[in-house]
Amino acid sequence: MKKRKGIIIWYLLGDLLASVITWYGVFLFRKCVIQGEHFSLSIPFHDNNFFKGIVVVPMLWLVFHYATGTYTDLYKKSRLQELGKTLVVTFFGGIIIFFLLLLDDQVRSYMDYYFTFFVLLTSQFLITLFFRQLILFKVRKNIATGKVGFATLMIGSSQRANELYEELKKGEKAFGFHFTGYLELNGKAKNTLTAELKELGHLDALEEVLQQNPEIEEVIIAIETSEHHMLNNIIIRLADKNVTIRIIPDMYDILSRTVKLNHAIGEAFIEIPNQLLTEWEKITKRWFDIIASIAAIIVTLPITLYVAIRVKLTDGGPVFYLQERLGHYGTPFYIYKFRSMYSGAESNGPQLTKENDDRITPIGKMLRKYRIDELPQFINVIKGEMSIVGPRAERKFFADQIIKTAPHYRQIFKVQPGITSLGMVKYGYASTVEEMVKRLKYDIIYIENMSVAMDFKIMIYTVLTVLYGRGK
């Protein structure tokens, strides 16, 4: 993994060098062709605008590429998709740079502007693409020679699994699958994969195997048509794991267009990625979370000070309440809240809040009604443990109970928990496990339709909920 992350630095340096070369070339073009000055390589070194541009422009390009999710795992990038993304980012980035830095050039006609923009766009795209293709060629070579690969678990031990393994083995290095072993699920004594792959146990050991082998990042499900009734259970059990799921499709899956062809030669899979948002959406969401949380903390500082004093004066107990919750991929973390109950309210074990709960303090009722008790959670957001919008984080005690009734609850661990959620604005707080299961429907709807636009809608609904005091 360290080797895979290290090559991203070269990708970044290639983009930096491409932008420096392009700016140098475009500057000379503007001075010598557009403005008609005598050609001299020393021209840029007597111009302050050159030095401003040579610093600012490369930084702008790095920001553009970072914001669109370019600097992620290169070993999982498609060269064709990367070409398309490079073209799109270059076009829109070129427009921004042109209007910021080049529009004040002295020109003979507007055609000179068009010509300058064309030269900027073309040279930036071609030089950037050149360096990127060199690095991606190195990436593919590392995969092809087996220097780098993806730890993979096979689920299945039937003839279909064997055929798939034989097919992948022919190009195993080219595809990058490095098989850790397989889990059998038919219980037969004779498995065709035993001689080739290490048997890691039965399907019942799935969670244990993934825990013991944290390097596994790909899970291939190769089961017979007669075993398809087990598929839903397997996918649900993998929902809260940081792995990409690949499923061998039936003809029905192929005809229904759910199959993704990963390579021109080789097996086609139904792919369930471990990330629900695109890279640019993920980056946008994270930066919005940070900026909005800092702003919220500053704006609500007077309310925070007032509430802190009132909570302290209630019974002399602590102002803040820390409680362990389950976050992204089920990782535990401590959530921050203003204490709305009397000290020792859960001395008899975890309990859900109910109507007219006598554990809630007088100030606590107001805090919960207007959701003010959740203001400290902006600290969790800044720390990266939560997002502003996401499913409600629950305690393990209640999460385990929900999973017994609704195993698909594991789906919510695919994303970071949030201060607010579709479930909270549509349903509100839950006082029983049954109500939690009902609210779960809205969290699953959110996950299946997750987007930056959806987050903004939920935040608007949340503001209305707070203003009208619809919390409880």
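Compute from the Cα atoms of the chain the Rg and the Dmax, the latter being the longest Cα-Cα distance, and quote both in angstrom.
Over the chain's Cα set, Rg and Dmax evaluate to 27.8, 86 Å.
The chain: longest stretch without exposed chymotrypsin sites (Phe, Trp or Tyr not before Pro) (DSSP loop, at most 12 other Cβ within 10 Å), sites themselves excluded?
The longest such stretch corresponds to 40-467.
Please compute the contact order of region 321-472 in relative form: average sequence separation of alpha-carbon pairs under 8 Å and at least six residues apart, divided by the residue count, as a percent.
Relative contact order of region 321-472: 26 percent.
Could you please put Arg410, Arg4 in sequence from largest to smallest accessible area, using a 1.4 Å probe?
The ranking, largest first, comes out as Arg410, Arg4.
By the gyration tensor of its Cα atoms, with a ≥ b ≥ c the square roots of the eigenvalues, what is the shape of region 385-472: rounded for a/c under 1.5, prolate for a/b over b/c, or oblate?
Verdict is oblate for region 385-472.
How much of the accessible area of the chain, in percent, comes from carbon and sulfur atoms when a 1.4 Å probe is used?
Roughly 63 percent of what the probe reaches on the chain is carbon or sulfur.
Where in the chain are the DSSP H helices whose alpha-carbon span along the long axis reaches 20 Å or more and whose Kyte-Doolittle mean is at least 0.5?
Taking the DSSP H segments of the chain (at least 20 Å long, mean hydropathy at least 0.5), we get 2-29, 48-67, 79-97, 110-144, 279-299, 301-315, 452-467.
Only Cα pairs under 8 Å and at least 6 apart count here; give the relative contact order of the chain as a rounded whole percent.
11
Give the accessible surface of the chain per residue, rounded to a whole number of Å², with probe radius 1.4 Å and ligands, DNA and RNA excluded.
Each residue of the chain exposes 52 Å² on average to a 1.4 Å probe.
Under 18 Å from the Cα of Lys369, which aspartates and glutamates turn up, not counting those fewer than eight places away in the same chain?
Cross-link targets: Glu355, Asp357, Asp358.
About its Cα centre, how strong a charge dipole does the chain have in debye, to the nearest 20, once Lys and Arg get +1 and Asp and Glu get -1 at the Cβ?
Its charge dipole is roughly 740 debye.
Rg(Cα) of region 319-451 divided by 2.2 N^0.38 Å?
That works out to 1.00 for region 319-451.
Quick one: compute the contact order of region 324-413, relative version, from alpha carbon pairs under 8 angstrom and 6+ residues apart, as a percent.
Relative contact order here is 37 percent.
What value, in deg cm²/dmol to 500, does the helix sum -39500 (n - 2.57) over DSSP H runs of n ≥ 4 give at 222 nm once divided by the residues of the chain?
Result for the chain, helices only: -16000 deg cm²/dmol.
Of Thr116, Gln416, Phe177, which is farthest towards the positive pole of the chain's charge dipole, taken about the Cα centre with +1 and -1 on the beta-carbons of Lys, Arg and Asp, Glu respectively?
Checked the options; the winner is Thr116.
The values are calculated or read from the model by the stated rules, or taken from the named source; none is laboratory data. Being a predicted model, the structure only gives us computed values, none of them experimental. Glycine gets a Cβ as well: all are built from the backbone with ideal geometry, and neighbour counts include every protein chain shown. For the accessible areas, the whole protein counts, side chains as well, though only heavy atoms, and no ligand, DNA or RNA atoms are used. Shrake-Rupley method; radii C 1.70, N 1.55, O 1.52, S 1.80 Å.
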